[in-house]
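Only the coordinates and a few stated rules stand behind these numbers; no lab work does. In this text the structure is predicted, and so the values were computed from the model without any measurement. Counting neighbours? That spans all protein chains shown, and the Cβs are built from the backbone with ideal geometry, glycine included.
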Amino acid sequence: MSTETQARDTIFIGKKPLMAYVTSTLIQLANIPTVSIKARGMSIGRAVDVAQIIVRKTEHAGFSIGDIIIDSEALESKDGKMRNVSTIEIVVKRNTA
C-alpha cells in the first residue's frame, strides 16, 4: 500500500465545522471500507462526535466503530517546554453483509 493511499484513508480533526469532517469521512467510506479519524488535544471530543454521528445517524448505511487507539505525544509548546498531548484514533468501517 502506498503512502498516497494511506493518506486518503485518514481524516485529521482540527477546527473546521463538525459536519465538514462527517462529510469528508462519509465520502471516503463510499470509496474504501475503513477510515481512521485522528485527533489530538482539544479536538478529541470533536473526533468522537464525528464517529458517533456517522454510526448513529446513518444506521441504515451500515457503518460501525472498529478499533480505538489512545496515546500521547510529546510536543514542544510555544514557550519551549515539552508537553504531553493526548491523541485518539477511531476506525470507522463499512459493514459487509
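Label points 7 Å out from Cα along the Cβ direction at Thr96 and Met42: separation in nm? Those two pseudo-labels are separated by 4.1 nm. Compared with the dominant Cα axis of the chain, that is its longest principal axis, helix 44-57 is turned about 10°. Using C-alpha pairs under 8 Å with a sequence gap of at least 6, the mean separation divided by the residue count of the stretch 3-94 gives a relative contact order of 31 percent.
Result for the chain in a Gaussian network model with C-alpha springs under 10 Å: among Arg83, Arg40, Arg56, the largest mean-square fluctuation is at Arg83.
Nearest 0.05, what FRET efficiency do Ile27 and Glu89 give at R0 = 22 Å with Cβ-Cβ as r? E between Ile27 and Glu89, to the nearest 0.05, is 0.70. In the Gaussian network model of the chain, springs joining C-alpha atoms below 10 Å, which of Asp67, Asp79, Asp49 carries the largest mean-square fluctuation? Ranking Asp67, Asp79, Asp49 by mean-square fluctuation puts Asp79 first.
Per-residue extension of 0.36 nm, minus the Cα-Cα distance of Phe12 and Glu76, leaves a gain of 21.1 nm for this segment. Taking the Cα centre of the chain as reference, the dipole from Cβ charges on Lys and Arg (+1) and Asp and Glu (-1) amounts to some 300 debye.
The lysines whose alpha-carbon is closer than 16 Å to the alpha-carbon of Lys38, local same-chain residues fewer than 8 away aside, are Lys15, Lys16, Lys93.
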